[in-house]
Amino acid sequence: MKFRDNIFILFIIFIWLGALATIQIRSTVDMQRQNAETLDLGKLKDQLDSKIKLGESYKAQITKLENDKEVFIKASSTNAANVQSKMELDYLRLICGLTDITGDGVIITLNDAEGPDVVDADSVMDYIIHDSDILNVVNQLRIGGAQAISINNERIISTSEQVCAGPTIKVNSNRYAVPYEIKAIGDPRELYATLTGNGLIDEMTTLGKRVTITQKEGIEIPKFSNDISGLISKLEVVNNESKKSK
Amino acid sequence: MKAKRVSRNISIALICVILGLALSWQFQSIRSNAKVMNLESQKKDDLVVKILNEQKNNENLRAKLNELQVQLNKFESARGNSDENLKLLTDEIQKLKTVAGLTDVKGKGVTVTFAKEDSLNVEDDDLLFVLNELRATDAQALAINDQRIIDTTEVRVAGGYIMVNGRHVTPPYVIKAIVDPDNAVNALNMIGGALEKIKLFIDVHVEKSDNIEIPKISEELIRTDKLKPVEKD
């Protein structure tokens, strides 16, 4: 009889302990979650919003100043010499990528593979879009005679880099995450053929990366939007070619 | 005596079962909690990355804004004076010619030489990666051998040759860049950097120089026939 009582008491104690431990652990986990959520997320979101707003206001100011500049240039091109200069300026702007342009071409979208849930750190690298993928696509487009290229509406000029920076890719010093949209203006059929002709796209789709290529008319590609002076600050022009040009 | 032992065994077994259930339930709940936590911290990381991106983008925008402001001030002060205006236009033209690669330029930089005896091992990727790395270190002018790299320049292997700007370039392949020499050398030689893999197959040599000359692009290579400026009013 005595023995039975002992077991009964033990039984109750174990239940008690088990319940206690569970409640304890759950509550700590909940607490931590609550903290992270309310404190940090809220603050971070506010910060992000204010940064985006600042960027918008900069963009608005830039558009306004660019219009002002245009007005000045137009007003100044009244005599023949100035008109000539204005025309040359427009041509140079076009080839420097400083003009919004439109034309026929292809649009490519690149996205990471819809990965299986369990992948280890090594193999996960096979399923995401890398800078080398983009680099190769852009090079193929150039081989196909592309005359203007953009990545996520960031105009590609001669010195535009495409490098991995953590989970994002840096283009013209600006960072972008997947999906990537690459636009190219040229001969659509030629561009399509060079892109699909060398196995580059197949290689990506085999790994499950999501790639689409569309031929399209009237693609719009925006102008290069960073400052120009920063592009040539270290360059010294060797011999002034003003005689040879035109 | 025997009945007692049986009942004891039964109750112990019962306790074990209950404990086991409690334990597994607890593990499950902890695991699901951990998942939620992970998700939250992932969200947080994403936000931090986004904020940093915006910050960087804003810096670029501000630089652009300052540049425009300076230009506009010049136009403002030249208002009504056509000589001054012409001079401003000519300055701008000269500047854009340099941006477009229509002028020979020189400056401090680096040369990256792929040894001639390994030239058959050189692939377009190798050249592309080195170019990209140099661009990422803010190179301002680039060339492969004597072909200036512009926005539409391709690099392609065709029958043992490498073609740049649609022209054969002959070995040894040399990439020239006007760029901050120290930054460029560091970036190229970084562990896991552009040169690490290439060096397994090819003898590559990076050299700093105070006087890199880079030729202009020949103008007939620039094609714009497919481009139409977007009309704005």
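The values are calculated or read from the model by the stated rules, or taken from the named source; none is laboratory data. Just so it is clear, the model here is predicted, and its values are computed rather than measured. Note: ideal-geometry Cβ built from the backbone for every residue, glycine included; neighbour counts use all protein chains shown. Accessible surface areas use protein heavy atoms only, side chains included; no ligands, DNA or RNA. Shrake-Rupley method; radii C 1.70, N 1.55, O 1.52, S 1.80 Å.
Given labels modelled 7 Å from the Cα in the Cβ direction, how far is it in nm from B:PHE201 to A:GLU56? About 5.0 nm, to one decimal.
Using C-alpha pairs under 8 Å with a sequence gap of at least 6, the mean separation divided by the residue count of region B:105-216 gives a relative contact order of 48 percent.
For the chain pair B and A, the interface hides roughly 9700 square angstrom of accessible area in total, found with a 1.4 Å probe. Listed values for region B:170-186 are Karplus-derived 3J(HN,Hα) couplings in whole Hz (6.51 cos²θ - 1.76 cosθ + 1.60, θ = phi - 60°), namely 9, x, x, 7, 10, 9, 10, 9, 9, 6, 4, x, 5, 4, 5, 4, 4, and x replaces Gly and Pro.
A Förster distance of 60 Å, applied to the separation of the beta-carbon atoms of A:TRP16 and B:ASP46, puts the FRET efficiency at 0.90.
Per residue of peptide A:84-94, the mean number of Cβ atoms on other chains within 10 Å of the residue Cβ is 5. Pairs of Cα atoms nearer than 8 Å and 6+ residues apart set the relative contact order; for region A:103-221 it is 47 percent.
Give me, ordered by chain and number, the residues 5 or more places off A:VAL163 or on other chains with an amide H under 5 Å from its own placed amide H. Under 5 Å from the amide H of A:VAL163 lie the amide H atoms of A:LYS170, each far enough along the sequence or on another chain.
With R₀ set to 35 Å, the beta-carbon distance separating B:ARG8 from A:THR28 gives a calculated FRET efficiency near 0.40. In chain A, helices alone account for a calculated mean residue ellipticity at 222 nm of -16500 deg cm²/dmol, with every DSSP H run of four or more residues adding -39,500 (n - 2.57). Taking every residue in A:49-60 and counting other chain Cβ atoms within 10 Å of its Cβ, the average works out to 4. Tally up the carbon and sulfur contribution to the accessible surface of the protein assembly as shown as a whole percent, 1.4 Å probe, everything protein left in place. Carbon-and-sulfur percentage of accessible area, whole number: 55. Hydrophobic long helices, here whole DSSP H runs in chain A with Kyte-Doolittle means of at least 0.5 and Cα atoms spread over 15 Å or more along the helix axis, are found at A:2-35.
Roughly how crowded by other chains is peptide B:85-92, in terms of the mean Cβ count from those chains within 10 Å of each of its Cβ atoms?
Working: counts 10, 7, 1, 5, 10, 6, 0, 8.
Mean shielding count: 6.
Residue separation of B:ASN186 and B:GLU84 scaled by 0.36 nm, minus their Cα-Cα distance, works out to 32.3 nm of gained length.
Grab the beta carbon distance between B:ASP210 and A:THR63, set R0 = 56 Å, and tell me the FRET efficiency rounded to 0.05.
0.85
Region B:149-165 and region A:133-181 have Cα centres separated by 18 Å. Ordered from highest to lowest accessible area with the whole protein assembly present and a 1.4 Å probe, A:ARG175, A:ARG142, B:ARG79 read as B:ARG79, A:ARG175, A:ARG142.
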